[in-house]
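Here the structure comes first, spelled out in structure tokens, and everything after it is commentary.
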Amino acid sequence: MADSHTPEAAQTPEKAQDAGAAQTTEAVQTFEPEGRAIPFAEEGAGPAVVLIAERGESIGYLGALAHSLTQEDFRVVRIGGRADEDSASSPAERAEDVVDLLDQLGVGDAWIGGHGHGGTIARHVALEHHDRVDGVLLLGVEPLQPPLAAGLPVLVIQGTADDVTPAQNGQTLQESAPELVSVVAVEGAGHDFPATHVGETSWAIEDYLDWD
């Protein structure tokens, strides 16, 4: 894992953006354990990466990013909130949703990531199911969240113009655990950067995971 090394086969941000724009959107499915209705989509083959959507968002806006990652031989699972998201489901309960879905899909371990509040859920997965998590991917960092899981690497990607999960949150997290946390900035990007800056976001993930 490296912050400065670019894998030989990694796409440039421009190529990743083009790949995402040319995607064929995978059908959204619903996983319904014990009456919970959890929307998800999966595509690709290879090491698994989970992308948990921001609170109140459908998983569609993460489709271009997911498709771009599949071009670099990742299996990507996008997960949304329960259909009755207005109910008081806690981040810990949402973390159980993620693990139950991974069990259903036969995914033993994965990089668990999320956008905004989705990243908070990812951190709960890492804390409560440490053996299922290869690392944590945070697309923006919410403040005042649970501690980091011991020993697991964390990649933070954040927009420098994000006024929902400000870039300072990522810097503060890195200062708290510099041996675990790496930060990549997407210059000029706001909170919706996983959809508006697909190329830069995808490239940062591919470069850091460096599966090639």
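Apply the Karplus parameterisation 6.51 cos²θ - 1.76 cosθ + 1.60, with θ equal to phi minus 60°, to every residue of the stretch 183-198 and state each ³J(HN,Hα) to the nearest whole Hz, in sequence, with x for glycine and proline.
10, 10, 9, 9, 5, x, 8, x, 5, 8, 4, x, 9, 8, 10, 4
In the stretch 148-173, whose amide N lies under 18 Å from the spot 7 Å out along Cα-to-Cβ of Glu179? List them in ranges.
Taking a point 7 Å out along Cα→Cβ of Glu179, the residues of the stretch 148-173 whose backbone N falls under 18 Å are 148-155, 173.
At 1.4 Å probe size, with the rest of the protein present, what percent of the exposed accessible area of the stretch 71-212 is carbon and sulfur atoms?
49 percent
Roll a 1.4 Å probe over the protein chains and send me the accessible area per residue for the stretch 86-212 in Å².
Accessible area per residue: 38 Å².
What list of ³J(HN,Hα) values in whole Hz, one per residue of the stretch 28-36 in order, does the Karplus curve 6.51 cos²θ - 1.76 cosθ + 1.60 (θ = phi - 60°) give from phi, with Gly and Pro shown as x?
Each residue of the stretch 28-36 in turn: 7, 10, 10, 9, 10, x, 6, x, 6 Hz.
What fraction of the DSSP beta bridges in the stretch 38-152 is antiparallel, stated in percent and rounded to the nearest 5?
20 percent
The values are calculated or read from the model by the stated rules, or taken from the named source; none is laboratory data. Note that the coordinates shown come from a computational prediction; the quantities given were computed from them, not determined experimentally. Here Cβ is always computed from backbone atoms with ideal geometry, including for glycine, and neighbour counts include all displayed protein chains. Side chains are part of the model used for accessible areas, which takes the heavy atoms of the whole protein and leaves out ligands, DNA and RNA. Shrake-Rupley method; radii C 1.70, N 1.55, O 1.52, S 1.80 Å.
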